[in-house]
Every structure is written in C-alpha cells, then in structure tokens.
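*Asks:* Submitted below is the structure of interest, expressed as structure tokens.
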Amino acid sequence: DGGITQSPKYLFRKEGQNVTLSCEQNLNHDAMYWYRQDPGQGLRLIYYSQIVNDFQKGDIAEGYSVSREKKESFPLTVTSAQKNPTAFYLCASSIGTAIPGSEQFFGPGTRLTVL
Amino acid sequence: GDSVTQMEGPVTLSEEAFLTINCTYTATGYPSLFWYVQYPGEGLQLLLKATKADDKGSNKGFEATYRKETTSFHLEKGSVQVSDSAVYFCALISGANSKLTFGKGITLSVRP
C-alpha cells in the first residue's frame, strides 16, 4: 500500500534533548512538508522540501532542522532551542509544483511530549 | 498574503441534522480549495477539493462549491452521522508554490 508513515506515534523526551521524528513516503512524491498542530491553532508549517537536497523554512522554523537526502525521507529534528516543543507533528507529501494545486497527503502524526 | 477563515466552533448537532461549515478565503490569483477531516488522534484526510470557480467537490455525502464571487467554499451535508464527528479544516493552495494555507479548524460533534 502506498502512503506516508511516521514513527514513533508517541515520543517522550526530557527538556534540553534533541529528538528526531521520522517521515517516510512511498508515493514517489517530490514535495514533503512538516506541520505542527496545537490545540485551537490549526496547522502551522515548519519546513518544506520541493525536491531532494533542497528545503525551505516555513512559518515557524526556529528551533527545528530537517534534511532531505532521499526522495522518500524527510526527518525533522526538534532541537533544544525550540522553546515549547510539546505538540502533535504531522508530515505530508504531494506531487509538488509539477501539478499546481495538487493536494497533500498526510501521515498519522507523532505526538511529542517534553517532560 | 493568503488566508482562510472558518466559522467559530465547536459545533454540536443531532444525528440526521443538516450541516453547514462556513469557509471564506483571501488569495492571489485562482487558488485550489480543499476540505480536510481529522478524526481523533489521527492525521488529516482529504475530504474533497475544487480547483476552479463553480466547481463542486463531493465525497461521503459532503459537498462544497467554489464561489469566486463571494470567495467562499462552505461545507455542507444533508444528514450527519455520529461517525462524522471530527475536526474539519478548510485550506487553499495558490500561485506556483505547493504550500497549503489552513483555517483554524472546527470541531464537529454529532450526538445520537
């Protein structure tokens, strides 16, 4: 089955530790995205990548980093510089700019709790 | 910049009631419009979409029509079920980029 996988589903970390969230897709999509979801605030874009080895900051990139070494993988690192990292993190992918207006497909999410 | 405004929630309805969730947008050019649904503890699923003016998207009994004159994309369903209880997000993509702009989402609860 084609789709997007995120792991783990729940993640607990101590304050001050970096943590990396996994996102993998087998849809052969060029574009991938990371969002953060907080209660009552909808989704906010952290980083996105339109093509391998390239990525851009979204609206709330501070305290996060990404890499895009392979087309199917787009891991997100939440660093100790992120002041309030506890949230639900969603990864998405799309065909990208090749088809303008193409929809994004979402993974099941990772709930990160920093203790 | 682009923006999406959804009506304030939450919304609570009885089973078989009629549903309308309002969504209006501001965007440059001619955006593509989407409704996504999120069930508790899960990611988002595309519910329906419309890519040009007067297009009607439909899926699972839900409908929304792209109204350019009123910059709206209201979601409707004639008879809701308990299983429709979820959070609903209106969103758009405009211009040459592929970034989604989301509304804040609205929680729908349907009681038996």
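*Asks:* So which residues in the stretch A:78-111 are more than 9 Å from chain B (Cβ to nearest Cβ) and within 12 Å of A:Ser22 (Cα to Cα), if there are any at all?
*Replies:* A:Val78, A:Tyr89, A:Thr110
*Asks:* Now for a different question. Could you please tell me which pairs satisfy a Cβ distance under 9 Å, a separation of 6+ or placement on different chains, a first residue in the stretch B:78-95 that is within 11 Å of chain A (Cβ to nearest Cβ), and a second residue that is among the basic types (Lys, Arg)?
*Replies:* Final answer for the pair search is B:Phe89/B:Lys104; B:Ile93/B:Lys99.
*Asks:* Same structure again: Among B:Leu46, B:Leu33, B:Leu75, which is the only one that is at pLDDT 95 or above, among the hydrophobic types (A, V, I, L, M, F, W, C), open to solvent by 50 Å² or more (accessible area, probe 1.4 Å) and within 29 Å of A:Ile4 (Cα to Cα)?
*Replies:* Working: B:Leu33 fails: open to solvent by 50 Å² or more (accessible area, probe 1.4 Å); B:Leu75 fails: open to solvent by 50 Å² or more (accessible area, probe 1.4 Å).
Answer to the check: B:Leu46.
*Asks:* Would it be correct to say that B:Leu92 is within 14 Å of the chain's Cα centre (by Cα), open to solvent by 10 Å² or more (accessible area, probe 1.4 Å) and closer than 14 Å to A:Glu103 by Cβ? Explain how you work it out, then say what you get.
*Replies:* Values: within 14 Å of the chain's Cα centre (by Cα): yes; open to solvent by 10 Å² or more (accessible area, probe 1.4 Å): no; closer than 14 Å to A:Glu103 by Cβ: yes.
It is false that B:Leu92 is within 14 Å of the chain's Cα centre (by Cα), open to solvent by 10 Å² or more (accessible area, probe 1.4 Å) and closer than 14 Å to A:Glu103 by Cβ.
*Asks:* Quick check, is B:Tyr25 part of a strand (DSSP E or B), hydroxyl-bearing (Ser, Thr, Tyr), more than 12 Å from every other protein chain (Cβ to nearest Cβ) and surrounded by 14 or more Cβ atoms within 10 Å (Cβ to Cβ)? First the steps, then the outcome.
*Replies:* Numbers: part of a strand (DSSP E or B): yes; hydroxyl-bearing (Ser, Thr, Tyr): yes; more than 12 Å from every other protein chain (Cβ to nearest Cβ): yes; surrounded by 14 or more Cβ atoms within 10 Å (Cβ to Cβ): yes.
Yes; evaluated as a whole, the condition is true for this residue.
*Asks:* Further question on the same structure: If I filter the stretch B:53-112 down to residues being polar (S, T, N, Q) and part of a strand (DSSP E or B), which single residue comes out as farthest from B:Leu33 (Cα to Cα)?
*Replies:* Filtering the stretch B:53-112 for residues polar (S, T, N, Q) gives B:58-59, B:65, B:70-72, B:79, B:81, B:83, B:85, B:94, B:97-98, B:101, B:107, B:109.
Add one more test, that the residue is part of a strand (DSSP E or B), and what stays is B:58-59, B:65, B:72, B:101, B:107, B:109.
On the way: B:Ser58: 12, B:Asn59: 14, B:Thr65: 9, B:Ser72: 9, B:Thr101: 10, B:Thr107: 19, B:Ser109: 24 Å.
Among those that are polar (S, T, N, Q) and part of a strand (DSSP E or B), it is B:Ser109.
*Asks:* Looking at (1) at pLDDT below 95; (2) open to solvent by 70 Å² or more (accessible area, probe 1.4 Å), can you tell me which one B:Gly9 breaks?
*Replies:* (2)
*Asks:* Let me ask something additional. Among the listed residues A:Tyr35, A:Tyr10, which satisfies the condition of being among the aromatic types (Phe, Trp, Tyr), open to solvent by 50 Å² or more (accessible area, probe 1.4 Å), in contact with a strand residue (DSSP E or B) (Cβ under 9 Å, 6 or more places away or on another chain) and touching a residue at least 24 places away in the same chain (Cβ under 8 Å)? Reasoning before the result, please.
*Replies:* Working: A:Tyr35 fails: open to solvent by 50 Å² or more (accessible area, probe 1.4 Å).
Just a single option satisfies the conditions, and that option is A:Tyr10.
*Asks:* Quick one: how many residues across the stretch A:91-109 are closer than 17 Å to B:Gln45 by Cβ and touching a residue at least 60 places away in the same chain (Cβ under 8 Å)?
*Replies:* Adding up the residues that qualify gives 10.
*Asks:* Output yes when any residue across the stretch A:59-71 is open to solvent by 10 Å² or more (accessible area, probe 1.4 Å), within 14 Å of chain B (Cβ to nearest Cβ) and assigned to a strand (DSSP E or B), and no when none is.
*Replies:* No, the stretch A:59-71 has no match at all.
Yes/no matrix, rows are residues, columns are (1) closer than 22 Å to A:Lys83 by Cβ; (2) among the charged types (D, E, K, R); (3) at pLDDT 95 or above:
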{"position": "A:Ser22", "(1), (2), (3)": "no, no, yes"}
{"position": "A:Met32", "(1), (2), (3)": "no, no, yes"}
{"position": "A:Tyr35", "(1), (2), (3)": "yes, no, yes"}
{"position": "A:Asp38", "(1), (2), (3)": "yes, yes, no"}
{"position": "A:Lys57", "(1), (2), (3)": "yes, yes, yes"}
{"position": "A:Gly63", "(1), (2), (3)": "yes, no, yes"}
{"position": "A:Ser67", "(1), (2), (3)": "no, no, yes"}
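*Asks:* Go through A:Asn28, A:Asn84, A:Asn53 for me and flag whichever is open to solvent by 60 Å² or more (accessible area, probe 1.4 Å), over 11 Å from the mean Cα position of the chain (by Cα) and within 29 Å of B:Ser3 (Cβ to Cβ).
*Replies:* Exactly one of A:Asn28, A:Asn84, A:Asn53 is open to solvent by 60 Å² or more (accessible area, probe 1.4 Å), over 11 Å from the mean Cα position of the chain (by Cα) and within 29 Å of B:Ser3 (Cβ to Cβ), namely A:Asn84.
*Asks:* Taking the stretch B:1-31 as the search range and keeping residues that are more than 16 Å from the chain's Cα centre (by Cα) and among the β-branched types (Val, Ile, Thr), which one is nearest to B:Leu92 (Cα to Cα)?
*Replies:* B:Thr28
The values are calculated or read from the model by the stated rules, or taken from the named source; none is laboratory data. Please read all numbers here as calculations on a predicted model, not as lab measurements. Here the Cβ is made from the backbone with ideal geometry for all residues, glycine too, and neighbour counts use every protein chain on show. Heads up: the accessible areas ignore ligands, DNA and RNA and are worked out on the full protein's heavy atoms, side chains in. Shrake-Rupley method; radii C 1.70, N 1.55, O 1.52, S 1.80 Å.
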